[in-house]
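Just so it is clear, none of the values below were taken in a lab; they were calculated from the coordinates. Here the structure is a predicted model, which is why all the values come from computation and not from measurement. Note that each Cβ is placed from the backbone with ideal geometry, even for glycine, and that neighbours are counted across all protein chains shown.
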Amino acid sequence: MFLKSTAFLILFAASIGCISSALATAEGPMHAIASHGEPALPADFEHLPYANPDAPKGGSISYGVVGTFDNLNPFILKSMRTTARGMWDPEFGHLTYESLMVRSRDEAFTLYGLLAESVEFDDDRTFIQFNINPLATWSDGEPVTADDVVFTFELLEEKGRPPFSRRLNRVEKMEKTGPLSVRFWLKEDAGREFPLILGISPILPAHATDAETFDRSTFEPPVTSGPYRIKAIQPGEKITFERREDYWARDLPVKRGLDNYDEISVEYFLSDSAQFEAFKKGVYDINPEGSPISWERAYDFPAIERGEIVKAVFENKLPAGMFGFVFNTRREKFEDKTLRKALAMLFDFEWVNRSLFNNAYKRTESYFQHSDLSSIGRPASDLERGLLAPFPDAVDKAVMDGTYHATRTNGSGRDRKVQREALRLLNEAGYRIEQGKLLDQADQPLLFEVMTQNEGQEKIALAYQRNLAALGIDLSIHTVDDAQYQRRSQNYDYDMIIKAYPASLSPGTEQVWRWGSQSRDIEGTFNYAGAAEPAIDAMIDAMLEARSQEAFVAAVRAFDRVLVSGYYVVPLYYLPGQRVAYRSKLEHPAVTPIYGYVLPTWWDKTASQ
């Protein structure tokens, strides 16, 4: 049942006296809130530092993606990964739905006002209050109110998908404090970052949302508050958005220099190869390239020669994150950490990098690679050791003292020394080689399947298959279409899968849904590995509770050490920089923020001609 605000007020009336003491230390209305430290931009800032406020409005852009779509609602479990791109989209922009506040991409984790023009909170962050901008309106002209905020959180709690359905779990009470104000009293264990998570939650119109049918897939264009409306839909193939001339927030500082196109379309393709062929023919306008080999060899078509396409590399200051083969520890065979460690050793990165990628990649070893948050090469500090003390077996000695590195081979593809050490671990885990097969104690061969999504993943899996076969391990490879891939990912129906874990400078609550015990058995989370370890949960809690930058860094590094020591992933590689090819009609701001290029700040140069 939906929670009713009036019932909430009655239920918690007796507790108001206890919490009212927090009001004495409350800040006044603030224009922004930072996870740690202070916001970089003052209250009277004119625009985000990486946006061009003089960017011309007009023109168009077309994006290309692989897959399909069967839904316009991005907030429900059904079709959660086949919702039309652009509706609620961190890459292309939240074109239709909006949140109370928005992130600055040039700060670790700082929010500035959007639907909420100001925010109030106390030093201990026992509460946060959002004050709605009186100018905020829905696309049908109705005002955005506190009732919409309350309605949204209650609806998503009942019928939304994770993580939206879990937001109120850390809220003691949600209270409408005025026609345009909503206050969230937070539970003691909510964490200092959690108020910001509430701030970037989507808000839906109470008057134009049918709660009864909300969890069903739909192609009915919704009433929203964002800068674009849906212009046309070709189910599964293309969706087109048009810019709203009556958009209420077009002159807000956080929106100056953004949402520049009159029209945005998203084209869908069946495969990576079909997508790239379409880019060459001009079907869509911008193509992020993740393959260094393709970057060097594939961009030799006529549009490049004519200067119609620009190749650019953008440098960001983000952790590289983790990309690799993920063990599904829900499978009995992969419950054994020693087995996982041995299998991780057998991926010959040096051979793959030389033979397949001309040594373009670097090896990933940390979940926060290439940043101050990484534990690699750093002995654990006293703060870290204190956090990890209750879990003496959670971190390997080499990981703790900073000497750990992912296994390095001689690059031959058959390093005998590495194979011998891996076999020693396999024997320790109860396996032996007999007649060319690796058998367990029940005389059953070790065999498992990796589910792949495209030709690129399949190529890496084939190399790994070759490495494993040398010790009698049978790895099968199954490449499936996008719909099946998404369904099986959502249901954890795989032995092994290839996944990326993007990293930021402000890891927080999202880690619960990647690694926390509570997310292991909930369908549709990002806990692909099925992790459920007290040490992981404790390190995530320490991250969320950190009051200083020093404590925060210590918690993240300790968290990194636990994950690395758990061998949940066979680490693959990362590519420094962001490689993007785009039509020469497009332009981007001169400033690249710490998070890299921001597509909603780009514009069509032909609009001013």
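Structure above, values below:
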{"quantity": "Electrostatic dipole magnitude of the chain [Cβ: Lys, Arg +1; Asp, Glu -1; Cα centre; debye, to 20]", "calculated": "1640"}
{"quantity": "Net +/- balance of residues flanking F526 in space, Cβ distance below 12 Å, scoring K and R +1, D and E -1", "calculated": "+3"}
{"quantity": "10 Å Cβ shell holding at most 16 others, DSSP loop, GluC sites (Glu not before Pro): longest site-free stretch of the chain", "calculated": "316-522"}
{"quantity": "For the range 98-185, the Rg and Dmax computed from alpha carbons only, in angstrom", "calculated": "13.3, 39"}
{"quantity": "Stokes-Einstein D (µm²/s) once Rh is taken as the Kirkwood radius of the range 45-201 over alpha-carbon pairs, at 37 °C in 0.692 mPa s", "calculated": "190"}
{"quantity": "Within-11-Å neighbourhood charge of K187 [Cβ basis; K, R +1; D, E -1]", "calculated": "-1"}
{"quantity": "Sum of -39500 (n - 2.57) over DSSP H runs of 4+, divided by residues of the chain (222 nm, nearest 500)", "calculated": "-7000 deg cm²/dmol"}
{"quantity": "For the range 397-496: span of alpha carbons on each principal axis (Å, largest first)", "calculated": "41, 38, 28"}
{"quantity": "Residue order, fewest to most surrounding Cβ atoms within 10 angstrom, among S225, S412, S104", "calculated": "S412, S104, S225"}
{"quantity": "Radius 14 Å from Cβ of Q369, net charge of other residues (Lys, Arg +1; Asp, Glu -1)", "calculated": "+3"}
